[in-house]
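What follows is a short report on a single structure.
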Amino acid sequence: MAKGVRIIVTLECTECRSNLAKRSPGVSRYTTTKNRRTTTARLELKKFCPNCNRHTVHKEIK
């Protein structure tokens, strides 16, 4: 059976994940879809992080 072109990916906040000293309650995560054929690299978007309370870069995770 053939795989679909569009896949669901998870975006995770890079600053919450990298800064362990900060007392954040968790890590901000969003889900979105991307086209597998046109966007082969990992997705990076600026989204609002409620833990950091500002817009930060969210990268695609596995």
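The values are calculated or read from the model by the stated rules, or taken from the named source; none is laboratory data. Values in this document were obtained by computation on a predicted structure and should not be read as measured data. When we count neighbours, we look across all protein chains shown, and the Cβ atoms used for this are built from the backbone with ideal geometry, even at glycine. Surface areas here come from the heavy atoms of the whole protein model, side chains and all, with no ligands, DNA or RNA. Shrake-Rupley method; radii C 1.70, N 1.55, O 1.52, S 1.80 Å.
Which FRET efficiency value, to the nearest 0.05, do you get for residue 27 and residue 7 by plugging their Cβ-Cβ distance into 1/(1 + (r/R0)^6) with R0 = 30 Å? Walk me through the numbers before you get to the answer.
On the way: r = 21 Å, r/R0 = 0.71.
Using R0 = 30 Å, I get an efficiency of 0.90.
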Mean 1/r over distinct Cα pairs of the chain, inverted to a Kirkwood Rh in Å, yields 12.6
Separation between the residue 14 and residue 48 pseudo-spin-labels, each 7 Å from Cα along Cα→Cβ, expressed in nm? 2.2
Probe 1.4 Å, protein heavy atoms only - accessible area per residue of the chain in square angstrom: 78
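In percent, how large is the relative contact order of the chain, given Cα pairs closer than 8 Å and 6 or more residues apart?
Working: 104 pairs, mean separation 25.9, N = 62.
Here the relative contact order equals 42 percent.
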Check residue 52: other-chain or 5+ apart residues with amide H under 5 Å from its amide H, H built from backbone geometry? none
